Amino acid sequence: MKQLSKISAILLLVGGLATTLMAQPAGNGPQKRTDQNAQVEKPYMMLPDLTDAQKDQMKDIHLKTMKQVQPLRNQLMEKRAHLKTLTTADKADIKAINGQIDDISKLEVSIEKIQAASHQEVRSLLTDEQRVVFDSHRGGMMGNRSGFGPKQGRGHGQGAGLGNPNNCPFNN
């Protein structure tokens with residue numbers, strides 16, 4: 001009987017430990033987002049000898065770009081939702097579907113052009129050495145998620161990378 005109670009106690013202890021471990025927050029939970037938000041200038045740490053003036057100018061460019069792109073992203077999301085409605089109708093109107101696809105494409109191109117201009121504006125602030133590092137991280141640090149350059153591909157249901165607080169270069 002004593003052996004049975006020992007086994008029960010061990011099983012209870014292991015079960016409690018397993019439950020505790022399963023209840024721990026994942027690495028990409030709220031704690032990680034807080035850390036990202038606290039490190040506002042993290043992407044700039046990769047650029048050598050970046051001055052405070054350069055950082056300020058980059059932040060201004062990013063803000064200007066976000067202000068231009070956000071309304072376009074909002075329209076883009078609305079058009080994608082409407083496209084889904086059109087494509088799932090019982091009697092789909094292919095002309096309306098094609099028109100919506102054309103509208104979506106125009107918005108995406110407009111966003112990419114704004115981002116490309118922004119990217120070039122940031123590049124013009126950098127020294128040759130900084131520009132090499134900046135360009136080498138185009139797809140990561142400063143690429144499609146920052147508003148400093150065009151997106152690198154079209155994901156389903158994803159915009160051009162701006163507007164989403166998780167896509168801000170100051171949150172990476």
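Data overview
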| quantity | calculated |
| --- | --- |
| Thr65 being without any contact (Cβ under 8 Å) to a residue 12 or more places away in the chain, of a type in the set (Val, Ile, Thr) and within 22 Å of Ser105 (Cβ to Cβ) | no |
| Pair list, Cβ < 9 Å and 6+ apart or interchain, from region 126-147 residues that are part of a helix (DSSP H, G or I) to residues that are modelled with pLDDT under 50 | Val133/Met141; Phe134/Met141; Phe134/Met142; Asp135/Met142 |
| Cross-chain or 6+ apart pairs with Cβ under 8 Å, region 98-125 first and hydroxyl-bearing (Ser, Thr, Tyr), then modelled with pLDDT under 95 and not in a helix (DSSP H, G or I) | Ser118/Gly147; Ser118/Phe148; Ser118/Gly149 |
| Leading residue by the ranking (farthest from Ala117 (Cα to Cα)) among those in region 86-106 that are β-branched (Val, Ile, Thr) and surrounded by 11 or more Cβ atoms within 10 Å (Cβ to Cβ) | Thr87 |
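The values are calculated or read from the model by the stated rules, or taken from the named source; none is laboratory data. Being a predicted model, the structure only gives us computed values, none of them experimental. Ideal geometry is used to build each Cβ from the backbone, glycine not excepted, and the neighbour counts take in all protein chains shown.
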